[in-house]
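J.: Quick one: the structure is below, and I'll ask about it shortly.
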Amino acid sequence: WDNADFSRGVGTTFYQEFPTLNTAKPPFVRDVEAKVRRYLRSSYSAAWTLKITWEKAPAYAARTDSRRTITYQAILTTDGFRSYVLMLYQEGGMRWDYTRLAATNVLIGYT
C-alpha cells in the first residue's frame, strides 16, 4: 500500500464488502475461507470480508513513469475472533521501478 499516485488520472482503487454472517456465502468468500484453512491448517468461517483492489496503480510520483503500473489486492477477512489479510499481486510481482521510489528498502508484504 505504498505511495500509489493516482493524481495523473491513471489507475483506480475500488472495494467490495462481503458481510456474510447468517447469509449465503458467495464463491469469492468460500475461496478466501479455503485459502485460510489450507495455509493455516485450521477451521475458518468468515463473518465479514473486504476486497480492496488497486488497478493499474502508478508509483509515487506518477510524473516519473505512469506506464509502469501494478494491480494488486488486499483481502481482509474475520470470523469475529480471528482476522487475516491476503496480499495478492498480479503475475510478475511488483512492476514499479523501486530505484525511483523515495524509500529504496522496499519489500512486498507487510510487517
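The values are calculated or read from the model by the stated rules, or taken from the named source; none is laboratory data. The structure presented is a predicted model; accordingly, all values stated were derived computationally and were not measured. For neighbour counting, all protein chains shown are included, and Cβ atoms are generated from backbone atoms with ideal geometry for every residue, glycine included. The accessibility values were calculated without ligands, DNA or RNA, using every heavy atom of the protein model including side chains. Shrake-Rupley method; radii C 1.70, N 1.55, O 1.52, S 1.80 Å.
J.: In the range 87-108, which residues are within 27 Å of R41 (Cβ to Cβ), open to solvent by 40 Å² or more (accessible area, probe 1.4 Å) and modelled with pLDDT under 80?
T.: L107, I108
J.: Taking the conditions exactly as written (aromatic (F, W, Y) and modelled with pLDDT of 85 or more), does Y84 satisfy them or not?
T.: Spelling it out, Y84 is indeed aromatic (F, W, Y) and modelled with pLDDT of 85 or more.
J.: Which residues, taken from the range 2-30, are open to solvent by 70 Å² or more (accessible area, probe 1.4 Å), within 17 Å of T77 (Cβ to Cβ) and not in a strand (DSSP E or B)?
T.: L21, N22, T23, A24, P27, R30
J.: Kindly indicate the residue of the range 31-60 that is open to solvent by 40 Å² or more (accessible area, probe 1.4 Å) and of a type in the set (A, V, I, L, M, F, W, C) and also nearest to G80 (Cα to Cα) among those meeting that condition.
T.: It comes out as W48.
J.: Please state which of the following conditions S43 fails to meet, knowing it meets all the rest: (1) of a type in the set (S, T, N, Q); (2) on the phi > 0 side of the Ramachandran plot; (3) at pLDDT 85 or above.
T.: (2)
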